[in-house]
Amino acid sequence: MIGATGTETGELGISDREFAERRSKARFLAGLNRYAALLVVGRSFYDRPGDLAYLSNHFPPFPTAVFSEGNAGLGHGFLLLPAEGDPVLLTDPRRHRADLVDITDVRAAPDLGQAVIDLLRERSLEASRIGLVGDDILPAALDRRFAREMPDLELGPERGIVASLRRIKSHDELALLRKAARCADSGLQAAHTRFQSEGATERVVAASGTAQAIEAGADFVRYFRVHSGPWSAAGSRWPPAMDRIIGAEEVAVVDVIGAHRGYHFDVNRTFGRPELDP
């Protein structure tokens, strides 16, 4: 979901104007549903940034971590989208890409729970009805803290507003999805070529596919699964690829998951070697 102002190659992504339009539509629907605001939570870029990234273009850049005193919420981000007033983006100390995020008010905090509480009090929203977008990924520790410190806050799950907007893809989104698919195809083709080599291991096939998908433009490859021989029917085995040598007459199930500019791909294929002439 990289914005036009943040591209490094001149290739356009999603414009700042489109992000602003998304927030405007979400704000309007929030008002229709009698919310004083929406509070949108997202998790690390490779995990669950979706709703947060869709509205803000912020991808928390670091993995989640154990909460400790004064350090709560690493790997998370929050967007407060009030029915009236400007939006505020809260990030962990790893901050945000200022060249990609068009929101003016962005605040970094080591304790995101306290940052949310302070922000709601600042906006006089601590006793309001707020829709929580991403309630299934809100850390339980923060949920308990909000309830304890803001007993009059009505914070309930809101699963329809942003989801309904995300179902309709813009022209630029479709273009990015097509490019994401090409990244997946490129990785799978490289993996298939390596698969044909005698003595190739699952791990080597996965490495070949991962490298090519990245070279083709993937932000990251989260998962490149290669399950061969008797493991090909095992579903999602751990680890995704092993040092197992793929036999001459075996098949392999290959699955690549990643993203291009925030738009994800997930493609599963079965590889087999052609029969050799007698």
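The values are calculated or read from the model by the stated rules, or taken from the named source; none is laboratory data. These numbers were taken from a predicted model, which means no experiment stands behind them. In this analysis, Cβ positions are derived from the backbone assuming ideal geometry, glycine residues included, and neighbour counts consider all displayed protein chains. Just so you know, the surface numbers come from the protein's heavy atoms only, side chains and all, with ligands and any DNA or RNA stripped out. Shrake-Rupley method; radii C 1.70, N 1.55, O 1.52, S 1.80 Å.
What is the chain's relative contact order, in percent, from Cα pairs under 8 angstrom and six or more apart in sequence? It would help to have the intermediate numbers written out before the result.
On the way: 553 pairs, mean separation 40.1, N = 278.
Relative contact order of the chain: 14 percent.
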What whole-number volume per residue, in cubic angstrom, does the convex hull of the C-alpha atoms of the chain give?
142
Once the Cα atoms of helix 171-195 and of the chain are each reduced to a long axis, what angle between those two axes, in degrees from 0 to 90 to the nearest 10, is obtained?
30
Please list the non-local residues whose amide H lies under 5 Å from the amide H of Ala200, H modeled 1.01 Å from N, same-chain partners needing a gap of 5 or more.
Ile246
Cα gyration tensor of region 38-100, axes a ≥ b ≥ c as square roots of the eigenvalues: rounded (a/c below 1.5), prolate (a/b > b/c) or oblate?
prolate
Computed from the beta carbon distance with a Förster radius of 45 Å, FRET efficiency for Arg148 and Thr193 to the nearest 0.05 stands at 0.20
Other-chain or far-sequence residues with amide H under 5 Å of Ser44's (modelled H)
Thr64
Might you work out the accessible area of Arg95 for me, using a 1.4 Å probe with all protein chains in place, and round it to the nearest 10 Å²?
140
Gain in span if fully extended, Leu177 to Asn268, counting 0.36 nm per residue against the direct Cα distance
31.1 nm
How would you rank 240-246, 51-57, 212-218, highest first, on the average number of other Cβ atoms within 10 Å across their residues?
51-57, 212-218, 240-246
Kirkwood Rh, Cα Rg: Rg to Rh for region 72-194?
1.09
proj_area_mean for region 1-129 (convex hull on C-alpha atoms), units nm², value 7.9
Rounded to the nearest 0.05, FRET efficiency between Asp47 and Ser24 (Cβ-Cβ, R0 30 Å) equals 0.65
Please list 3J(HN,Hα) in residue order for region 244-257, calculated via the Karplus relation 6.51 cos²θ - 1.76 cosθ + 1.60 where θ = phi - 60°; whole Hz, with x for glycine and proline.
5, 6, 7, x, 4, 10, 9, 9, 9, 9, 10, 9, 10, 10
Degrees, to the nearest 10: 202-215 long Cα axis against longest axis of the chain
60
In nm, spacing of pseudo-spin labels at Asp135 and Thr104 (7 Å Cα→C-beta vector)
3.3
Treating the angle as unsigned and between 0 and 90°, give the value, to the nearest 10°, between the Cα long axis of helix 112-122 and the longest Cα principal axis of the chain.
30
Considering only DSSP beta bridges where both residues belong to region 1-155, give the percentage that are antiparallel (nearest 5).
50
Part-to-part distance (alpha-carbon centres) for region 29-44 and region 126-185, which is given in Å:
8
